[in-house]
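Take a look at the structure set out below.
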């Protein structure tokens, strides 16, 4: 008896090769390997596109049923390595030079098993890699084009599992199950949902200390000691200056939305985080304009990693500096300051009135609507384009710049 006589690999008399896009099963229901390289392309294959899970199941099925005489455990290892690197479209870069080292096999062995996967209808070429240099000439660097494979499953696998497939070739879709396929799918789902029975050895088991129950009189109900009960802990312990009602939080978000575009170093922070950091300042009575002016005057890095943390740290420094130092206890009473008299208050009112007359408070202007800002930007770009085309030859630094100006003038419509 021959070595591979029991494997359904080839019939006694191989049928003719079917045309492109047709089923790869012979008349006696035996799988036909996809040997022609022209049928291993993404546009000529009879297999349909798939994702990681079905690709691995189809590879395991094909190797288990010995559909190819050269497929084995190494072929399955290669398939698993490719499946781990599949992207959302089901494509994967070959990366031959790193793959054979990662798997611990020779380069020739890797190429042989990749060819086996192609002949099983599990891989097709999406992009053929070449050794053509893609870097600019004269750069002194070389980089070729990578080979991209697409994961597919043959029609024989769909037929064996009772899949109903609509369409032909790479873009065919799995749309349902036959009666037999539905029974197989239900059995597979139950097998996957069944919990695995793990039995640890006695050396792996540990006896954790358990709290001793308290016996109360002659009753048969007991309770665990108080120290063993978990203490209820609040999940959201917000410090006092940052607590706010829903209306105050919404107002802080609106203030942060007004401040953020006007302070450059805060523009990398999220709106809600910035509003949370600004809550103490808003509660202190500062308006949006005052906050923007104060934050612009701070000396901070150009792009801090966390602007909200900078603002919260500055508030902590301010709050700690405002707290009076604790005086040592003494028997004598602490002397209190003398309140200002009427003359001093009148002088302060005069100074405030004079400052108000010299620089009256300016209310912040409302933001213009979006279409106004867009028109201004387009007008400024058009003005800059006209200025660039109106340059003379003396104003251009190089001859290439003057040629670009002349070309731009010729392209301008009348």
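The values are calculated or read from the model by the stated rules, or taken from the named source; none is laboratory data. Every value quoted in this text rests on a predicted model; they were computed, and no experiment measured them. Reconstructed Cβ throughout: ideal geometry from the backbone, glycine too, with neighbour counts over all protein chains shown.
Structural remarks
- Residue within segment 92-101 that is in a loop (DSSP other than H, G, I, E, B) and at pLDDT below 90 present: yes
- Verdict on residue 379 being modelled with pLDDT of 85 or more, surrounded by 10 or more Cβ atoms within 10 Å (Cβ to Cβ) and farther than 30 Å from residue 273 by Cα: yes
- The single condition from (1) part of a strand (DSSP E or B); (2) more than 23 Å from residue 64 (Cβ to Cβ) that residue 149 fails is (2).
- Scanning segment 106-127 for residues that are more than 15 Å from residue 71 (Cα to Cα) and surrounded by 14 or more Cβ atoms within 10 Å (Cβ to Cβ) turns up 124, 125, 126, 127.
- Among residues that are at pLDDT below 90, in the same structural domain as residue 41 (by TED's automatic domain parsing) and not in a helix (DSSP H, G or I), residue 181 is not included.
- Residue within segment 3-13 that is touching a strand residue (DSSP E or B) at 6+ places or on another chain (Cβ under 8 Å) and modelled with pLDDT of 90 or more present: no
- With respect to the conditions (1) under 19 Å from residue 45 (Cβ atoms); (2) in contact (Cβ under 8 Å) with a residue 24 or more places away in the chain; (3) touching a helix residue (DSSP H, G or I) at 6+ places or on another chain (Cβ under 9 Å), residue 103 falls short on a single one, namely (1).
- Residues of segment 341-351 include none that is assigned to a loop (DSSP other than H, G, I, E, B), assigned by TED's automatic domain parsing to the domain that holds residue 249 and modelled with pLDDT of 75 or more.
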